[in-house]
Structures are given as C-alpha cells and as structure tokens.
Amino acid sequence: MANKDTVISVEDLKTYFRSDNGLVKAVDGATFDIKRGESVGIVGESGCGKSVTSMSIMQLIRRPRGDIEGGKIMFTRQNGKTVDIAKLNPNGSEMRTIRGNEIAMIFQEPMTSLNPVYTVGAQIMEAVMLHQKLTKKQARERAIEMLSKVGIPAPKQRVDEYPHQFSGGMRQRAMIAMALSCDPEFLIADEPTTALDVTIEAQILRLMKDIQQDFGVSIMIITHDLGVIAEMAERVNVMYTGKVVEHAVTDDIFHNPKHPYTQGLLHSIPTIGRKQRLTPIKGTVPNLLTLPANVCYFAPRCPHAMDICTKQEPPLYELETGHTCKCWLYKGSKEVSA
Ligand code: SF4
C-alpha cells in the first residue's frame, strides 16, 4: 500500500498485449514500491517486462493492442494526493499533467528520442512552457540553466544547436536536462547508458547520482547491466517473465542472492581476476505466447528445478525483512502476497 514516504507503489500490475498469435502477458503481477528520494533498480534480461512496466507507469502502452488489464499504480503527486495511474485516461488532462512534468523519463537512445529538426533548447523549452507556464524568454533561461546543470559546456551557445551537433554523451545529458526541467517527483531511466561507451557511461551515472542528491528526485533505473545497478540503486527488483522474482537491498542481491535466476545473472558477469569460466544461464527467456499456466517459468533453465516447479507456481516468500524471493527452494519461509 502507498504511504506518504512512497512515491510509486505498483501493486499486482498486469499489462497484456493482443497479438495475431495470442495474448502476451508482458507484465503479469509485478509488485514493488519506490520511496521518496530513493533509487530502485529493475533488472532482468530483454523480454522480462522491465520496459513495459515503465511504459505502463507513463501510460504509454499502445492501445488497442496493449492495455493495463489489472493492478494499481499508486502515485503520490506533488500536491500530496495519491492517484491510481492505471485508472487514468492516457490522453486525459490529469495524465498529461503528470507525464513529463511530475513523472519524467530518460530513454535509452537519445538520438531517436530527440527530434532532429528542432534545436535541443527548443525541445527543453517546449516542456517547461507547456507544464510550468513559463514565457518563451523564461523557458530559454531555464533551458540554459538545465544544460549548465548537466555539464554541457557553453550552454548559451549549445542551446541553439541541433541534436546531431552533440556527441552521444552530450545528447544523453541533454535528455537528462529535458527530463529534469520540470522538476519531477519521479524519474524513470530506461537503460540510460546502453548506447554509450564505458567512459561516458561512468560520467552519466555520476551525473545521475549528483542530480538525485541535488534535486531529491526518486529514480527507477531499468537495466540489464548489474554494474549500473551496483553503481546507482539502493534496492533491486529482479524481473523474469513479467514478475518480480526477487527483491532486496542492492548489497544482498550481490552478496546473498537467493533466486536461481539472480544467481545465474551474477555468475554471467565477467570480473577482473576471475579464474573460472563464466557460467551463462542456459537457454533463453521463454516465448511469452506459449507459457504454461501455474508453473515456475524459470524451471526449464533452472539448475535446481524440482517436480513441484513444473506443477505449481511458487509463492513469494519473505526470507528476511526486505528480502523476498519467488522460489520453491524456500518453502517453509513466511509467505507474503506478491
Ligand atoms: Fe528453480 Fe524451482 Fe525455484 Fe523455479 S521454483 S527458480 S524452477 S527451484
């Protein structure tokens, strides 16, 4: 349940898509929350439902093929009122006030997210003029201020340049400036460093951490890269086939992982000085169109799979305070609702 310290509380979220071949349950019962000023990671392979979760929070699911079929997305707004985003009209005025203003998003590929025919400054100005009701002159000053805050050199000149005149790292900085220009409560960063090389990635992660402290914004960081999680997140939700299968503080995820999927992800990371071969997770994420009902979907890839795993879906167990895991290996622990 949402409380005053919680910015976003996602409860049993179900987002499905109707394809010509059947129903795809991209997010199927995801539950997690994010507190004020906190950064929380969502991690998993491609196709686990991470990005669909973020698109659901932004009400950007393409209808009529896709829709939020169940659950709640409780968002505590800047005025202190809590609203269920899942129930809002995606094109209604309340959602348009929230989207880009109170909840902002940094996308993974800035070159495709920035409009190539408008200057970077014009794109930042558009958001602040729309949401903050600033004049054109005030909006331009705000755009220059934001470009300066994210470390763009000579912002007074750069504000009139086009995205193709920026380097990859600068474009991502500009995206961050745009996302923060309306002073949002909650920022979703969807694979924010995937398209960048490692030195620029380190700079952008540093910038996001500074921004979190300076602006006090809550961040949901979506990534398949556990290095980014280690750098950025205080708590982690591990997603598999649309469900959160493990949740814990970041230290526990790295040093005391409980779910075989989390363990597999960690064993797949190359580390300096490692002597043994990497142990990849066998197989791939299953086809969401052909998932059997009421089983553990990780069973075909799991080295610990038991009979019960292919007969019954495991419940969510609380192993210790704040550490939950959806796996039959922990049968006998306290069951909690997912
Ligand atoms: Fe593996 Fe069974 Fe746990 Fe699924 S429930 S992760 S198959 S041990």
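Figures for the structure shown
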quantity: Subset of segment 284-309 that is away from the ligand (no atom under 11 Å from the Cβ), assigned to a loop (DSSP other than H, G, I, E, B) and within 22 Å of Ile42 (Cβ to Cβ) - its residue that is most open to solvent (accessible area, probe 1.4 Å); calculated: Thr284
quantity: Every residue from segment 253-281 that is open to solvent by 40 Å² or more (accessible area, probe 1.4 Å), away from the ligand (no atom under 12 Å from the Cβ) and not polar (S, T, N, Q); calculated: Phe254, His255, His267, Ile269, Pro270, Ile272, Gly273, Arg274, Lys275, Arg277, Leu278, Pro280
quantity: Residue pairs meeting the criteria (Cβ under 9 Å; at least 6 apart or on separate chains; first farther than 10 Å from Pro292 by Cα, in segment 303-315; second more than 7 Å from the ligand (Cβ to nearest atom) and open to solvent by 90 Å² or more (accessible area, probe 1.4 Å)); calculated: Pro303/Lys282; Ile308/Lys331; Pro314/Lys331; Pro315/Lys331; Pro315/Glu335; Pro315/Ser337
quantity: Test result for Glu94, within 19 Å of Ile211 (Cβ to Cβ), charged (D, E, K, R) and over 15 Å from the mean Cα position of the chain (by Cα); calculated: no
quantity: Top-ranked residue of segment 57-83 - restricted to ones that are charged (D, E, K, R) and over 20 Å from Ser181 (Cβ atoms), ranked as least open to solvent (accessible area, probe 1.4 Å); calculated: Asp67
quantity: Members of segment 318-338 found to be out of contact with any strand residue (DSSP E or B) (no Cβ under 6 Å at 6 or more places or on another chain), within 16 Å of the ligand (Cβ to nearest atom) and in a loop (DSSP other than H, G, I, E, B), listed by number; calculated: Cys327, Lys331, Gly332
quantity: Selected residue [part of a helix (DSSP H, G or I), in contact (Cβ under 8 Å) with a residue 60 or more places away in the chain and crowded, with 18+ Cβ neighbours inside 10 Å] from Ala30, Ala86; calculated: Ala86
quantity: Single residue of segment 165-194 satisfying the filter (in contact with a Pro (Cβ under 6 Å, 6 or more places away or on another chain) and more than 15 Å from Met125 (Cα to Cα)) that is least open to solvent (accessible area, probe 1.4 Å); calculated: Gln172
quantity: Matching residues in segment 93-138 - criterion: being open to solvent by 40 Å² or more (accessible area, probe 1.4 Å) and in contact with a strand residue (DSSP E or B) (Cβ under 8 Å, 6 or more places away or on another chain); calculated: Glu94, Phe107, Gln108
quantity: Selection from segment 6-27 of residues that are assigned to a strand (DSSP E or B) and polar (S, T, N, Q); calculated: Thr6, Ser9, Thr15, Ser19
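The values are calculated or read from the model by the stated rules, or taken from the named source; none is laboratory data. It should be emphasised that the depicted structure is a prediction, and the values quoted were computed from it without experimental measurement. Every residue, glycine as well, gets a Cβ built from its backbone with ideal geometry; the counts of neighbours run over all protein chains shown. Note: accessible area is taken over every heavy atom of the protein model, side chains too, but ligands, DNA and RNA are not part of it. Shrake-Rupley method; radii C 1.70, N 1.55, O 1.52, S 1.80 Å.
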